[in-house]
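Student: Before we start, here is the structure in question, set down as C-alpha cells.
Only the coordinates and a few stated rules stand behind these numbers; no lab work does. Quick caveat: nothing in here was measured; it's all calculated off a predicted structure. All Cβ positions, glycine included, derive from the backbone under ideal geometry; neighbour counts span all protein chains shown.
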Amino acid sequence: MVLIQKAITNKIPLLIAFIFSQIYHSLAQTINPMSVSPAEADNSVAAELKSFQLADGYKIELFASEELGIADPCAMRWDEKGRLWVLTIPSYPQLGPGQKPFDKLTILEDRNHDGKADTSHVFADGLMMPLGFELGHGGVYLGEQTELVFLKDTDGDGKADTRQVLMSGFGTHDSHQTINSFLWSPGGELFFSQGHSIYSRVETAWGIEKADRAAIWRYRPLRRQLDNFLDGSTASVNPWGMNFGEWGEMFHKANDPELFYTVPGLVKTAHRALLPPIGKLVIKGSIIEIIRTKHLPDDLKGDFIIAGYYNNKIERMRVTSDSSGYTARLLEPILSSSSRSFRPIDIKVGPDGALYVLDWYNPIIGHYQASMRHPDRDKMHGRIWRITATGRPLVQPPKLADQPVAVLLDQLKSDEHWVRYQVKRLLAEKPLNDVRPVLTEWVEKLDRNDPNYEHQLMEALGVYESHEVVHESLLRQLASGKEPGARAYAAHVAGRWADQLLKPLEILEPLIRDANPRVRLEALVAVSAVHKPEAMALATQVLDQPMDKFLRYALEKTAYALQDWWDPALQTGKLAFKKPAQLAWLVSMLPPSWYTPDHYRKLIQTENLSPEVRRSLLLSLAKTGKAPDIEFILRQPSAQTDAALLENLSKLDVKPVTAVAAANLRNSLSPTKTAEVNMAAIHLARSWKIRPVAATINHLATNNQIDQRVRAEGLKALVELNGRTVLPLLQKLAVSAETPRVIRLASLKGISELDVALAANATVLEMQRPGGSVNDMQETIAPLIDQRSGTKALTAKLAKTALPKPQARLALEALAAKGINAPELVARLNQLAEARTIVARKYSPDYVEKLAKAVKEQGNAKRGELIYQTNPSCSACHALNGNGGTIGPNLSAIGRGLSSREIITEVLWPNQNIKEGYNRVQVETKKGEIIQGIKVFETADVIHIKTTGLTKNRVIDKKELASQTESGSLMPTGLMDTYSEEDVRDLIRYLSELGSN
Amino acid sequence: MIVPRIFVAVLIWISFSATFARAQTDKTFFNGKNLASWSATDMKYWSVKNGAIVGRATQPVEKNRFLWSSVKVADFYLSIDVKLEPDDRNAGIQFRSQKADETGQALGYQADMGKDVWGRLYHEHGRQKLDWSDRGEKAVQRGQWNHYEILAVGNRIWTAINGKLAVAVKDPDGDASGYIALQIHSGEPQTVTYKINRLVHNPKVELAGLTESQLNKELKLPEDKRQSNHSTTFKSGDVIVFAGGTNIAAMRKDGILETRIMAAQPTTRLHLWNLGWDGDTVFEQFRDVGFGSWSKNLDSLGANVVFVQFGQLESLQGTNELPRFISAYKKLLDSIRKPNRRIVLLSPIPFEPERSYLTPEGKSNNRLTTAPVEAYADAIRKLAESEGYGFVDLFHPLRSSALFGSLTTDGLHLNPEGHRLVAELIMKELKLPGAFAGDLAPLRQEILSKNVLWFNYWRPSNWAFLNGDRTTQPFSHDWKDKSRRIFPEEMKAFEPLIREAEQRIEDEQKKLLPVR
C-alpha cells in the first residue's frame, strides 16, 4: 500500500469515491454476472414463506422484517422484558471511503403479544461493522472492530449515550471474522470468538493477550480479565456460536460443519493442538441453541439447533454422552428453504418458548466469494421468523423487570432456560449488597429433597461467581454432590477461583479421581489453572482411570500450561508423583530440557508403562543419547515388537550405530518378526544409513517367500544404502513378468530416485501393460512423476514411444486424479488417446454467460450426474453426500452456495478463485521427492500435507525440505478439455442443482 | 591432578591477555625526577618536588598555563593524584589535545578540576562543556589529595575521582589522539600538585570497580551532540508521528494533544499521524502480511518528528527483563534513527492498580501492583540521554499529580483526564504554550474526523483482502472485470479526503490567530 505522502497528485479517487457512494445507495435489480448465488426474483416475505418446508408439527410466521428497519441483521439477544435486540450491519463487508458508519442496534417489541413485533427503536446508531453483542450490567457489550465496548443509556431515553472502550486491539483483517457470538457463561463470564484471519493483541493488567487466527475469548468484567483459548484455529477456522449445557458444559460451533465440546480446550497455554470435533453437519452452519423449553415438542428437548446458513436449513443435532465428552449426530432438519436468500444466522428460543430465527436474507452468504461491491449483496432486507409447535401452549414468561432479588432467585428454579439466563444476567448487575443477604437465605431455605436441589445450588454458585464472590463452602458442598454435573461444575469453579482459594488442589483432588469421567475432565482443566508444581502431580492422577481423547487432549495441554511450575520443581527434587508411571507419562509428553540419558534410562525401568509412554521415553533417550544408548534402545524387547518405535526412530537425525547395535537391529530384520517390524527396521536402516545390515536386507528383498511389502521396502532401502549398484537388480525386477506388481512398483520407485531417464524407460514399459484401472495407472506413474524432473523425462520418453489408446486414456485420468498440471504430457497423451478432440477453453465473461444460459435452458442434470460418476478425477478429491475424497471442497450443496456462473469458473479455471484453505502447496524434499496437496497444519518443525493419494496426512520434517511453494489450486486446469460443450453444460447443471431438495 | 590444570589455565589466560590487550605502561611519560619529556612556553611555573609535578603561580596568572608531555596518546589510562591549594582554584588535565597557538594554549579534552567543575569534561578552546554532571564533584575531598583517573578507549571516555565514576561519554567523531598537558588556570595565585602514578597505553576497560559492559551502560552523548530539547517548535511541513501501544493509539480518538499542538502554532502547517497500535511493544509490532514494518511506515510517511512510547506493558515482565527491554528498545530506535529525524521518547505512565477492577471482589493478583514501571521509565530516560533522544517524563509528574489514582480507565490506559494531563506535560516539555484564548472545539472536531479517515485508511478492516494473504479472492476485485481490483482503488479515494480534512484543520488553525 502506498502511503499518503506519495499519492497526493492522484485526482481520480474522488470520482471513484463518488461512483461507489452511488452504488451503495442504488440496488441493481438485474441478475449480474459473477454473483455467488443468483438473487431471488421475488424478495417479498410471501415468496420467502412459500420457500419453506417445515418439519411436521410446526408453524412458521414472520416476527419482523425490513419494514421495522431490519436490514442485514447479524445477531440478536433477548432482554428481560421480552424485547428483542437486533444488530444490523448494512455497511458490511466494507464501509466506503469517507462514509460515516451507519450500522445499528435496534430494539423490537411485540407489545400486543400477537407473535409479531410491532414497534422498533434504535438504541445505538453510527456503529462501525460490529458483529456481536450481549446485554449486561445495565448496558450492552458490543464487539466493534478493534474494540470491545460498553454502551449505556444513562438518562433513560432508550438511546445509548455513553461509549466506554473496555478492551482494544482485536484484529480486523477480515470483516466477517472480527469478535462475535457473545454469550454469558453460567458464572457470568462473557465469552466470544474470533475467526481465521484475525490477529489480536490486547493490553491487559496480566500482560498482552495474543490470539492469532481463530480463538475463543473469555472476559471477566469485574476483574477486567481477558483470556483466550484454542487460538491458531485449533478448534475450527471460524467459530461462530457457543452455548452451555445445563451443568455449564461448553460447546461451540464452527462456521464449518464441525461442532465442538469446548471444555478440554479451556486449558490456557500457548501450546497448540487440534481439538477433535464431536460431530458435523453435511455442510457449513453456525450457532447453537439448545432446546430447553416446555413449549417445543418433548422430542426436541436437549437437541442442538444449528443455523444452516449455507444450505438454507435449520439443522438439528442430537448430542449424547461419549466418555468424558460428547458425540453428536445430525437429525432431519426443522426447516429447509428453496430460497437461496434465506440465510439463518442466529437462532434463539424466545420468552414464549418459540424458536426465533434471524435471517440475514442475502443471496451472497458472506464474504470472499463475491466482490465487495457486488450489486447482489442485499442491503435492504432482513427477517426474523418465529417457529412454534402446533397444538402446544406457549410459555407465559414471568415478570422479571424491576423485580426484587428474592423474586428473581425463585425464577432460578424455572424449567425455562430463557428465564434462568435472563435472571442470572439481572442478578449479576444488581448491587452485591442487595443480592448477598437474600441469596444466602435463599440457599439455606432450598428444599434438600428437591430432585433439582443441586442444580439450584449450582445456579446460586453462578450468581456468586458473577459477582466474583468466592463462596468456598457452597463450592465444597457441590464438589461432594450426588449429581456428576454438580461435581463437574464445582471442579470448574475451583479452577476459576484458583487464585482466590486457599487450597484449590484439596478440593480438586477427589474430583480428579471421580468415578465420572466428565467430572475428571473438568477437574483436570481446573487443575491447569492452579499455578503450583503439585498441580501437575495431581493432574497426572487422571491416568489412574481410563483415558479418552478429551482427557488426553486436556492432560497434554495441562503439561504445557503448568510447565513453568513443575519443571523447575522437578529439577530441584521438590516435586513428587504418586506413581512413577505418572512421572514417566509427563516426561514422555514434555521431556524436560535438563533430562539426561541416565534420567531416561532410569525412568524406562518403571513398571507398568504403557507402550506409548515407553516408546516416547526411548525416543527421548535416542534424541539425547550417544552410541551406548542406541545400543540400549535396540536391545529392548520392544525394539523387536514395536514397529512404531522403530518408525519413529527412523525419523530422528542420524545416530551413531555400533556393531552391537546393528546386530540387535538384525534381530528385528529376522523373518520371524512381523512384517511391520521388518519394514520399520528397514526404514530405520535406510534413514540412519546402517550399511552393516544391507546384506540382511538384500536377503529379505530378493527372497520370494518374504512378504511383498517387506521386499518392496527392502528394495527402497537398498537404493539408499548401496546406491547405483542396485540398478541392475531393480531393472531386472521391474521388467520381469514373474515379479509381483508391488515389487515392480518398488523397483520403479528405486530407479526413479537413482536415474529418471532409466526410470522413464521402465515406467513406459509398465504403462504399456494392458488392462488395469486408473488407480493402477496412478501407482505406475507416481514414482517417476513425484521425482524432480520425472515428468520431463516421462514426456521425453513418450514423445518417442507409443502407448495403446486405452492406456493413454488411463494415464490422462490418472494425472487428473492425482492433480498434476503437466500440459505437455497431457497434450501428448491426448494425441496417443486419439479418440477425443481437445478444447482448451479460454476464460471470458461472454463465454461464461453463454454457457450459463445453455446450462439454464438446455442443461440435463441426469446426464451430468453420469458424467460426474464416470469421471474418477472428481470424486478423487471432492465429497458428495458422504462419498469421495476430502481434499477438495465438499460439493454436497454447492448449488446453494454458488451460482452456475461461479461453478463454471471453478470447474474450467480452478485457479481463478481459490477457496479459503484450498491453496495448493508443493514441497520438494532434499532427496528430490515432490509432494503436493493442501497444507493442513504447520509447526516450527513439520508440515502436515493432505494429498490426493493417501488417507493420512503426509508429515514432512522441515529439515528434509528443499523448497516449498504455495500457489494456485490443487485442481488441475483443463480437466474438461476432452469433454464436449454439451458434456460440460450438463455437468454444470448437475452440480448447480446439488443441495436442492 | 587439579593443581597443574589450574596452573595451565592461568598461563593460557596470561598469554591471551598479553596478546590481545597489549596493555603497556609508559615508563617514558614521567621519570619522577625532572621534566625531561615535558615542555611549556614558560617553564617558570613548573617544577618537580618529591616525585610530583608542581605548577605554582605566586602572582595572578593572566592566561591559562599548560605543561605539555611529549608522549602522544590515543587509547590510554592515566592515574594521577592531585591537590589544589587553595581548594577553590581551577586546574585540569588536557588529553588527546593539540597546541592551539604559539603561547601553548590547548585545544581538546580537559578532565576538569576545581570549584564547581571537579570531575567534569570540558573541551578547551573548542566545544566547551561535554559532560557536566556533578557526580565527580560529590566524590571530591576538598583541600585534600584527590585520586583522578582518565580512561579513553576509541570514542569512549570515562573519568573517575576517588574511585567514583565521574565522566562517561561516548563522543563519535571526537579527537582520537593527541597529547597530555597539565593546567594551571588563569586567576589568583595557586599551587597544583600532580602526582603521576602511571600512564598505560591500550588499557583494559575497567574503572571505578565497573566492568566494561557496566561502563558502557553509563555512556551518554556529549552535551553538544545531544538532541536539543529547546528547538522543539515545529516547522511548517513537519511530519509528526506518534507511535506506541494503546495509550498512543487512543490519542487519535480524543485528539487532545494533537489539538493543542496545532493550536500552539496556528500558522504552521503540520501533518500528524498516529501510528499507535494496541499491544505494540519493543519486542513485537505485529502487522499483517503486506502491511510493512513499523519503521517502514515512518519512512513512507516521511516522518521527521517521532514521539515513541514503550515500556508500560513490558514492565509487567519485571525487573529481570529490564536489560532485555532496553537493548530491544535501543535496537528498535536504531532502525528509525535518521540525521534529519527528531525522536522523542515518552516515558510510560504509572499504573493505577486500584482502577484495574470494578468492585472490591473483583480485585485480583494482576501484575499492576508489582510491575517496576518506574525503573523502566528511568532506564528509558537514561537511554534517551545516552543515545541523544528527547525525553518526556510522564511517570513522575503523573504519579505526583493530585489526580493520580483517577487518570486511567482500567489501571493501564489513560482516561480523558489522563490524556489532558499528558498533553500538558508534553506541551510543557516542548516549550509550547499550554493555554489558549480561542475555542479549540471546532479545531478538535476537524482533527478527530481526520483521524477517523486516517485510521480507516491506514489500518482498514479486511486488510487480508486489500494487501494481505487473500488478495486473489473475488472480494477485492470488480464483479464484472475480475482482473480489476477495486479495493485498492477505494483506498486511494481516502487520500484526497484526508488532504481535505487536513485543509480544514489548517483553516481552523488560522481562525485561532488574533484578528488584526
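Student: Would you mind getting me the FRET efficiency between A:VAL907 and A:GLU966? Use the beta-carbon distance for r and R0 = 22 Å, nearest 0.05.
Tutor: 0.50
Student: Follow-up. What length, rounded to one decimal in nm, is gained on full extension from A:VAL407 through to A:ASP157, with 0.36 nm per residue of separation minus their alpha-carbon distance?
Tutor: Once the chain is fully extended between A:VAL407 and A:ASP157, it gains 87.3 nm.
Student: Ordered by residue, what ³J(HN,Hα) values in Hz, to whole numbers, does the range A:980-988 give under the Karplus form 6.51 cos²θ - 1.76 cosθ + 1.60, where θ = phi - 60° and Gly and Pro are x?
Tutor: 6, 4, 5, 4, 4, 4, 5, 4, 5
Student: Right, another one. What's the percent breakdown of Cα-Cα distances in chain B across 20 Å bins, shortest bin first?
Tutor: Calculated over all Cα pairs of chain B, the distribution is 19, 38, 30, 12, 1 percent.
Student: Sticking with this structure for a sec: Residue by residue through the range B:238-248, what is 3J(HN,Hα) from phi via Karplus (6.51 cos²θ - 1.76 cosθ + 1.60, θ = phi - 60°)? Round to whole Hz and write x for glycine and proline.
Tutor: Here the 3J(HN,Hα) series is 4, 10, 9, 10, 10, 9, x, x, 4, 5, 6 Hz.
Student: Just checking the output field for A:97-106: average partner chain Cβ neighbours within 10 Å of each residue's Cβ?
Tutor: Mean partner-chain Cβ count within 10 Å for A:97-106: 3.
Student: Let me ask you something else. Please list, or write none, the aspartates and glutamates whose alpha carbon is within less than 15 Å of the alpha carbon of B:LYS217, excluding same-chain residues fewer than 8 places away.
Tutor: Filter leaves B:ASP171, B:GLU206, B:ASP378, B:GLU385, B:GLU387.
Student: Then there's this: To the nearest 0.05, how large is the calculated FRET efficiency for B:ASP134 and B:GLU188 if R₀ is 30 Å and r is the Cβ-Cβ distance?
Tutor: The value I calculate is 0.80.
Student: Let me know the Rg and Dmax you get for the range A:470-572 when you use only its Cα atoms, in Å.
Tutor: Every Cα atom of the range A:470-572 included, Rg and Dmax give 12.7, 41 Å.
Student: Scan around A:PHE123 for amide H atoms under 5 Å from its own, H built in the peptide plane at 1.01 Å from N, and keep only partners 5 or more places away or cross-chain.
Tutor: Under 5 Å from the amide H of A:PHE123 lie the amide H atoms of A:LEU105, A:THR106, A:ILE107, each far enough along the sequence or on another chain.
Student: Please compute, for peptide A:356-368, the average count of beta-carbon atoms on other protein chains lying within 10 Å of each residue's beta-carbon.
Tutor: The per-residue average across the peptide is 1.
Student: If packing is taken as the average number of other Cβ atoms within 10 Å across a peptide's residues, how do B:439-445, A:137-143 rank, most packed first?
Tutor: The packing order, highest mean first, is A:137-143, B:439-445.
Student: For chain B, build the charge dipole from Cβ charges (+1 Lys, Arg; -1 Asp, Glu) around the Cα centre, then report which of B:SER327, B:ASN90, B:TRP46 sits farthest towards its positive end.
Tutor: About the Cα centre, the residue reaching furthest to the positive side is B:TRP46.
Student: Continuing with this model, one more query. Can you compute the charge dipole magnitude of chain A about its Cα centre, using +1 on each Lys and Arg Cβ and -1 on each Asp and Glu Cβ, nothing else charged? Give it in debye, rounded to the nearest 20.
Tutor: That gives a dipole near 3540 debye.
Student: Compare the Cα positions of B:TRP479, A:ALA491, A:GLY933 along the charge dipole of the protein assembly as shown (+1 at Cβ of Lys, Arg; -1 at Cβ of Asp, Glu; about the Cα centre) and return the one farthest towards the positive end.
Tutor: Checking the options against the dipole of the protein assembly as shown, the answer is A:GLY933.
Student: Please compute, over every Cα-Cα pair in the range A:423-496, the percentage with a separation greater than 16 angstrom.
Tutor: Percent of Cα pairs beyond 16 Å in the range A:423-496: 45.
Student: Could you check the simple spin-label distance between A:ASP118 and B:GLN144, using points 7 Å along Cα→Cβ, in nm with one decimal?
Tutor: Modelled inter-label distance: 9.8 nm.
Student: Per the Kirkwood treatment, what hydrodynamic radius in Å, one decimal, follows for the range B:267-357 from the mean inverse distance over all distinct Cα pairs?
Tutor: About 14.9 Å for the range B:267-357.
Student: For A:LEU970, enumerate residues with amide H under 5 Å from its amide H, sequence gap 5+ or separate chain, H modeled in the peptide plane.
Tutor: A:ARG920
Student: Taking 21 Å as the cut-off for C-alpha to C-alpha distance, list the pairs among A:LYS792/A:LYS926; B:LYS225/B:LYS330; A:LYS549/A:LYS958; A:LYS81/A:LYS116 that go past it.
Tutor: Among A:LYS792/A:LYS926; B:LYS225/B:LYS330; A:LYS549/A:LYS958; A:LYS81/A:LYS116, the Cα-Cα distance tops 21 Å for A:LYS549/A:LYS958.
Student: Could you sort the peptides A:370-377, A:108-115, A:871-878, B:425-432 by per-residue average Cβ neighbour count (10 Å cutoff), highest mean leading?
Tutor: Going from most to least packed, we get A:370-377, A:871-878, B:425-432, A:108-115.
Student: Placing +1 at every Lys and Arg Cβ and -1 at every Asp and Glu Cβ, with all other atoms neutral, what dipole size does the range A:691-774 have around its Cα centre, in debye to the nearest 20?
Tutor: 60 debye
Student: Which helices of chain B meet both criteria: a Cα extent of 15 Å or more along the helical axis and a mean Kyte-Doolittle score no lower than -0.5, with helices taken as whole DSSP H segments?
Tutor: The qualifying helices are B:2-21, B:322-334, B:373-387, B:416-429, B:441-458.
Student: Under a crude label model (7 Å from the Cα following the beta-carbon direction), how far is B:GLU385 from A:ARG318 in nanometres?
Tutor: 7.7 nm
Student: Let's see if you can work this out: charge +1 on each Lys and Arg Cβ, -1 on each Asp and Glu Cβ, no other charges. What is the dipole magnitude of the range B:241-351 about its Cα centre, in debye to the nearest 20?
Tutor: 460 debye
Student: What ³J(HN,Hα) values, in whole Hz, does the Karplus curve 6.51 cos²θ - 1.76 cosθ + 1.60 give for the range A:513-518 when θ = phi - 60°, with x put for Gly and Pro?
Tutor: 10, 4, 5, 8, x, 5
Student: Any idea what angle helix A:823-833 forms with the longest principal axis of chain A, computed on alpha-carbon atoms, 0 to 90 degrees, nearest 10?
Tutor: Compared with the principal axis, the helix lies near 70 degrees.
Student: What translational diffusion coefficient, in µm²/s and rounded to a whole number, does the Stokes-Einstein relation yield for the range A:845-993 at 20 °C and a viscosity of 1.002 mPa s, taking the hydrodynamic radius as the Kirkwood radius over Cα pairs?
Tutor: The calculation lands on 130 µm²/s.
Student: Could you compute the FRET efficiency for A:ALA940 and B:GLN59, with r as their C-beta to C-beta distance and R0 at 60 Å, rounded to 0.05?
Tutor: After rounding to 0.05, the efficiency reads 0.15.
Student: What does the average come to when, for each residue of peptide A:204-213, you count the partner chain Cβ atoms lying within 10 Å of its Cβ?
Tutor: Shielding by partners across A:204-213 averages 6.
Student: Quick check: pseudo-label points 7 Å beyond the Cα along Cα→Cβ at B:ARG198 and B:SER327, how many nm apart are they?
Tutor: 3.2 nm
Student: Inverting the mean 1/r over all pairs of different Cα atoms, compute the Kirkwood radius of chain A and quote it in Å.
Tutor: The answer is 31.8 Å.
Student: Now for a different question. What ranking do A:281-288, A:707-714, A:766-773 get when scored by the average of other Cβ atoms within 10 Å per residue, highest first?
Tutor: Highest-to-lowest ranking by the protection proxy: A:281-288, A:707-714, A:766-773.
Student: When only Cα pairs under 8 Å and 6 or more residues apart are kept, what is the percent relative contact order across chain A?
Tutor: 8 percent
Student: Please list, ordered by chain and number, the residues whose modelled amide H lies under 5 Å from the amide H of B:ASN90; skip anything fewer than 5 residues away on the same chain.
Tutor: So B:ASN90 has HN proximity to B:HIS185.
Student: According to the square roots a ≥ b ≥ c of the eigenvalues of the Cα gyration tensor, what is the shape class of the range A:45-389, taking rounded for a/c under 1.5, prolate for a/b larger than b/c otherwise, and oblate for the remainder?
Tutor: rounded
Student: What is the order of A:LYS958, A:LYS532, A:LYS482, A:LYS797, fewest Cβ neighbours within 10 Å to most?
Tutor: Ordered by Cβ neighbours within 10 Å, fewest first: A:LYS482, A:LYS958, A:LYS532, A:LYS797.
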